[in-house]
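Each remark here refers to the structure printed beneath this line.
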Amino acid sequence: MERLPSLPLAKVDWTPPETDDEIDFRYVPGPALARKLIDAVGAQGDRGKHLKAFFGCIYYAATRPGEAVTLRASDFTLPEEGWGQVVLSSSSARVGSGWTDSGESYDSRSLKKRARRATREVPIPRSSSA
């Protein structure tokens, strides 16, 4: 609308704060508690089964929520014994329709801090209750 004589953002002197990117494990449940919590969610009917898979991916494969919602069965390699693998390739965060270019409430993107077509392979434990 050109109501300002100049762009004031050029005068802002701001540096993003440094972060340590460490997890405070005082707030992360251990494996036994995580299994109980995830199993309790899974016992809540059909929606619970869906959420059990969602929260299981977040806990065991360390996915972001937006990465977990884009996963399909074909992204998993699950051997009978030992460790399996999940290949993460996209993220679909719910941000609200006013914040996306498409007007949809979900914004499909590449993995955070990675090239557009990059994937991330994550080893995952084979659950004894699968």
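The values are calculated or read from the model by the stated rules, or taken from the named source; none is laboratory data. For clarity, every value in this text was computed on a predicted model and none was experimentally measured. Glycine also receives a Cβ, built like all others from the backbone with ideal geometry; neighbour counts cover every protein chain displayed. All accessible areas refer to the heavy atoms of the entire protein, side chains included, with ligands and DNA or RNA removed. Shrake-Rupley method; radii C 1.70, N 1.55, O 1.52, S 1.80 Å.
Along the axis of the charge dipole computed for the chain (Cβ charges of +1 for Lys and Arg, -1 for Asp and Glu, origin at the Cα centre), the listed residues Leu88, Ala40, Ala118 are led at the positive end by Ala40. When each pair of different Cα atoms in segment 31-79 is counted once in the 1/r mean, what is the Kirkwood radius in angstroms, to one decimal? One decimal place: 11.2 Å for the Kirkwood radius.
For the chain, a crude dipole built from +1 on the beta carbon of Lys and Arg and -1 on the beta carbon of Asp and Glu, taken about the Cα centre, is about 260 debye to the nearest 20. Per residue of the chain, the DSSP helices (runs of n ≥ 4 H) give a summed -39500 (n - 2.57) that works out to -7500 deg cm²/dmol at 222 nm. Once both labels are positioned 7 Å from their Cα atoms along Cα-to-Cβ, the gap between Arg126 and Leu78 label points is 1.2 nm.
Rounded to the nearest 10 degrees, the angle from helix 31-42 to the longest Cα principal axis of the chain is 90 degrees.
With r defined as the distance between the Cβ atoms of Met1 and Ser102 and R0 fixed at 30 Å, what FRET efficiency is calculated, to the nearest 0.05?
On the way: r = 25 Å, r/R0 = 0.84.
My answer for the efficiency is 0.75.
Across Ile58, Ile38, Ile23, mean-square fluctuation computed from a Gaussian network of the chain (C-alpha pairs under 10 Å connected) peaks at Ile23.
Ligands, DNA and RNA left out, the accessible area of the chain computed with a 1.4 Å probe is 54% carbon and sulfur. When mean projected area of the Cα convex hull in nm² is calculated for this entry, the matching label among (1) 12.7; (2) 10.1; (3) 8.6 is (1).
Helix 45-60 and the longest principal axis of the C-alpha atoms of the chain enclose an angle of approximately 70°.
Around the amide H of Thr70, modelled in the peptide plane, lie the amide H atoms of Ser92, all under 5 Å away and 5 or more residues distant in sequence or on another chain. When the charge dipole of segment 29-130 is built from unit charges on Cβ atoms (+1 for Lys and Arg, -1 for Asp and Glu) and taken about the Cα centre, the candidate among Leu71, Pro29, Phe55 whose Cα reaches farthest toward its positive end is Pro29. Listed values for segment 79-95 are Karplus-derived 3J(HN,Hα) couplings in whole Hz (6.51 cos²θ - 1.76 cosθ + 1.60, θ = phi - 60°), namely x, 4, 9, x, 8, x, 8, 10, 10, 8, 9, 7, 9, 9, 7, 7, 10, and x replaces Gly and Pro.
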